[in-house]
Amino acid sequence: MSGMNWNHNKPLSGLRSLLATDRQLTRELLITVLKAAGADQVMTGSAPEMLAAAPGFAPDVIFAEFDMVPINGNIFLHHLRFRQHCTMPSIILFHETDQQAALSGAKESGVTGALLIPFKPDSVIRMTRKVLGQKV
């Protein structure tokens, strides 16, 4: 059970986040965690949808799933950075089992944090605060 009091503590208050994932359940869980922690705006969709939306949305943090189709998380982030010349905020890459494959190109893509699926709400909040440079 989480030690965080979700009704009184909004550690992610005002956060604008973008979530690129193909998995509906992951999308719903992350939205729930982020909103409960005070995030103001959460934009979600597939990698192609988020490539189109990210530059105009200007998120504080980007969550990208590694195992997306037709492009994986690292390629998605590469496209944002180099092809669309998007200013890159903090980036959290999440992955299921093959951590080595997920993180092999992560540094070059600008990834600043990683989460393993399944994730716990507290781990999402801690990692988000960490990549944003907030005291955890």
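For the reader, a short list of remarks on this structure follows.
- Residue tally, condition part of a helix (DSSP H, G or I) and surrounded by 18 or more Cβ atoms within 10 Å (Cβ to Cβ), over the range 26-38: 5
- Failed criterion for L18 (all others in (1) in contact with a Leu (Cβ under 7 Å, 6 or more places away or on another chain); (2) at pLDDT 90 or above; (3) surrounded by 21 or more Cβ atoms within 10 Å (Cβ to Cβ) hold): (1)
- Residue match in the range 59-80 (condition: among the polar types (S, T, N, Q), crowded, with 16+ Cβ neighbours inside 10 Å, modelled with pLDDT of 80 or more and assigned to a loop (DSSP other than H, G, I, E, B)): yes
- Cβ-Cβ contacts under 7 Å between residues 6 or more apart (or on different chains), taken from a first residue in the range 109-136 that is more than 13 Å from S90 (Cα to Cα) to a second residue that is of a type in the set (D, E, K, R) and outside any loop (DSSP other than H, G, I, E, B), are listed as V136/R126; V136/R129; V136/K130.
- Verdict on Q41 being in contact with a helix residue (DSSP H, G or I) (Cβ under 9 Å, 6 or more places away or on another chain) and either modelled with pLDDT of 90 or more or surrounded by fewer than 22 Cβ atoms within 10 Å (Cβ to Cβ) (or both): yes
The values are calculated or read from the model by the stated rules, or taken from the named source; none is laboratory data. Note that the structure is predicted; figures quoted are calculated from it, not measured. Using ideal geometry, Cβ is built from the backbone for each residue, glycine included, and neighbour counts are taken over all protein chains shown.
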